[in-house]
């Protein structure tokens, strides 16, 4: 008897290519400050983690915490031509699925797709093929999704977690593939935040996320003894339940902060 080996299948959300990152579990007055034309944001330890002149702001993106929604996809086989003793193939993949079995976690090996082949008998029916696909998928120890038969004509495939991303389905010719429940991207989950701060203890259950693009002066050998300006990204995570801290930073970055005079000045940075 052939033994199935269960692989260590997980997911890894894409990481923003940022020049700096910080998180605030318990923001207090003064952690985020705009004064004399300079934005200063402290980290959880109270250190100045981000210092940017207001004149160097380029743009920002804010996303509130979202647990995410796992994708559910319907594969309708009702228009697929049935062939007696024919073979049918169904392939399922997700962009953020990762296989740690081959080579270990440190390799970041991507586990891209699962393919299922089923055969019809001498009196092929759609319901037979649907049931066969459902059985094969649910019997796969390494699948990161499950399947159910709907109405005798449809295979409904549900991702195990929103973290795997949107499912991509390659189905038999004539199939109709459509979302039953659309994928919603997770934002500010613990697994996302921990990717930026490995080994750190996070004190919040969820975070809202800011991505600030700004100009940054750096030294380079291209211009001897001088500095050049490069675009930079800063990622800021704030406890999603702290509405005051989120509103403050949003107002500063959007230009809605008052007094307006705080955007001006002669900063020593």
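The values are calculated or read from the model by the stated rules, or taken from the named source; none is laboratory data. Note that the structure is a prediction, hence the values are computed from the model and not measured. All Cβ positions, even for glycine, are placed from backbone atoms using ideal geometry, and neighbour counts span all protein chains on display.
Structure summary
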| quantity | calculated |
| --- | --- |
| Conditions (1) surrounded by fewer than 15 Cβ atoms within 10 Å (Cβ to Cβ); (2) within 30 Å of residue 138 (Cβ to Cβ); (3) assigned by TED's automatic domain parsing to the domain that holds residue 19; number of the one not met by residue 174 | (3) |
| Which listed residue, of 24, 90, 39, is closer than 23 Å to residue 202 by Cβ and buried (at least 20 other Cβ atoms within 10 Å of the Cβ) | 24 |
| The listed residue being assigned by TED's automatic domain parsing to the domain that holds residue 36, within 21 Å of residue 51 (Cβ to Cβ) and buried (at least 19 other Cβ atoms within 10 Å of the Cβ), out of 229, 252 | 252 |
| Selection count where residues are over 30 Å from residue 123 (Cα atoms) and buried (at least 17 other Cβ atoms within 10 Å of the Cβ), scope the stretch 63-83 | 6 |
| Residue in the stretch 75-88 that is assigned to a strand (DSSP E or B) and either closer than 26 Å to residue 186 by Cβ or assigned by TED's automatic domain parsing to the domain that holds residue 233 (or both) present | yes |
| Residue among 131, 140, 121 that alone is within 15 Å of residue 92 (Cα to Cα) and either not in a loop (DSSP other than H, G, I, E, B) or not assigned by TED's automatic domain parsing to the domain that holds residue 32 (or both) | 140 |
| Matching residues, the stretch 15-31, being in contact (Cβ under 8 Å) with a residue 40 or more places away in the chain and assigned to a loop (DSSP other than H, G, I, E, B) | 15, 16, 17, 18, 19, 25, 26, 27, 31 |
| Index of the failed condition, residue 199 passing every other in (1) more than 24 Å from residue 32 (Cα to Cα); (2) in a loop (DSSP other than H, G, I, E, B); (3) touching a residue at least 12 places away in the same chain (Cβ under 8 Å) | (3) |
| Among (1) at pLDDT 95 or above; (2) out of contact with any strand residue (DSSP E or B) (no Cβ under 7 Å at 6 or more places or on another chain); (3) outside any loop (DSSP other than H, G, I, E, B); (4) closer than 25 Å to residue 66 by Cβ, the one test that residue 156 misses | (2) |
